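Q: Have a look at this one before I ask anything.
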Amino acid sequence: MDDRLDFIIRLAREAGMLAQTLRATPGGLQVGAKAPGDFVTAADLAVERLIRNRIAARWPTDAVLGEEGGLQGDSGAIWITDPIDGTANFMRGAADWGVSIALAQAGRLTHGVIYLPDHGLLVAAGPRGLVAEGAAAGVSGISDASAALVHLGYSPREAPTAHAARIGRILSAGAQYRRSGAATVGLMAVILGRAEVYHESCLHLWDCAAALVIVPAAGGQVQSAPLTDHLVAPCEVLAHSGHLPDLVAAVCGLARP
Ligand code: IPD
């Protein structure tokens, strides 16, 4: 296994363990809001600090983009992390949250890890392979929409009517949908073959950078904005198994001939 892949796997485990410890510690869950409905806990801040410190100690010239602290540093190597994705679930004691860490080098995402500590699931990928703990990685082979499951993400950046119309199109195509409240959880479902599609209309890079590396390594397909654009603004993100083009078109609101 290459050094950087080994490093992010260990770091994701350490970050997840710290988050779990802080959740059970008085004061660890002090909650603030960055915007209505967009929460940050003391654990989000502490876990991102841990991730930044470990990267700085090992790869001191690399830059880091984190959900809580933004972009720090100027380098062709940029680590991209959401220390606790699914904060609203995490702070309520629900299991659907995850740690996401990725690395971009020379304008390309090369490494990624998603760790869902409360589910005991970890997947990671780098140029030299795919690592999965807790379940086998590999996208679904289902090609019948009536047997398919679509995970959706939602943020107020999408108009509620547009989101409702998307759900309508999924149900009309005969498929089912879920919304877990954590992009890492929905994307993990695609990676493990437990869902066929993940879609979010306006998603930040730190929520999905790791999955953009891991989904293709697990046999699936991804679509998002070019990295230079996605580094500075959220964009539409799609991850899927590759076997349901009509359903994917319906999810995205694209007509197919
Ligand atoms: C959020 C979750 C949610 C997604 C939002 C994200 P956060 O991340 O992943 O599922 O729909 O777009 O912002 O704020 O809990 O880290």
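Read the figures in this text as sums done on the coordinates, not as results from a lab. In this text the structure is predicted, and so the values were computed from the model without any measurement. Here Cβ is always computed from backbone atoms with ideal geometry, including for glycine, and neighbour counts include all displayed protein chains.
Q: What order do you get for Leu227, Leu244 when you list them from fewest to most C-beta neighbours inside 10 Å?
A: By the 10 Å Cβ count, ascending, the order reads Leu227, Leu244.
Q: Oh, and also: Given the options Gly174, Pro127, Pro156, identify the residue whose Cα lies farthest towards the positive end of the charge dipole of the chain (+1 on Cβ of Lys, Arg; -1 on Cβ of Asp, Glu).
A: Toward the positive end, the furthest listed residue is Gly174.
Q: Find the centroid of the Cα atoms in region 3-69 and in region 184-218, then give the distance between the two in whole Å.
A: The two parts, judged by their Cα centres, are 20 Å apart.
Q: So, one more: In a GNM of the chain with a 10 Å cut-off on Cα contacts, which of Gly126, Gly242, Gly76 has the highest mean-square fluctuation?
A: Top of the fluctuation ranking is Gly76.
Q: What ranking of Ile101, Ile142 emerges when the number of other C-beta atoms within 10 Å of each C-beta is taken as an exposure proxy, fewest first?
A: Ascending number of Cβ neighbours within 10 Å: Ile142, Ile101.
Q: May I ask you to evaluate 6.51 cos²θ - 1.76 cosθ + 1.60, the Karplus curve with θ = phi - 60°, for each residue of region 198-203 and list the ³J(HN,Hα) values in order in whole Hz, giving x for glycine and proline?
A: Calculated HN-Hα couplings, in order: 10, 9, 9, 6, 7, 10 Hz.
Q: Follow-up. Counting other beta carbons within 10 Å of each residue's own, what order do Met91, Met188 fall into, fewest first?
A: Taking fewest neighbouring Cβ atoms as first place, the list is Met91, Met188.
Q: Quick check on the chain: of the DSSP beta bridges with both residues there, what percent are antiparallel, nearest 5%?
A: 80 percent
Q: Another one. How big is the dipole moment of the chain about its Cα centre under a simple scheme where the beta carbon of each Lys and Arg is +1, that of each Asp and Glu is -1, and everything else is neutral? Debye, nearest 20, please.
A: Using Cβ point charges on Lys, Arg, Asp and Glu, the chain gives about 200 debye.
Q: If you don't mind, another one. Using the alpha-carbon atoms, what tilt in degrees (0 to 90, nearest 10) does helix 3-23 show relative to the longest principal axis of the chain?
A: Rounded to the nearest ten degrees, it is 90.
Q: While we're looking at this one, here's another question. Among DSSP bridges having both ends in region 122-257, what percentage is antiparallel? Round to the nearest 5.
A: 70 percent
Q: Ordered by residue, what ³J(HN,Hα) values in Hz, to whole numbers, does region 242-250 give under the Karplus form 6.51 cos²θ - 1.76 cosθ + 1.60, where θ = phi - 60° and Gly and Pro are x?
A: Taking θ as phi minus 60°, the curve returns x, 10, 9, x, 5, 5, 4, 4, 5 Hz for region 242-250.
Q: For the chain, what does -39500 (n - 2.57) per DSSP helix run (n ≥ 4), summed and divided by total residues, give at 222 nm, in deg cm²/dmol to the nearest 500?
A: Result for the chain: -10500 deg cm²/dmol, rounded to the nearest 500.
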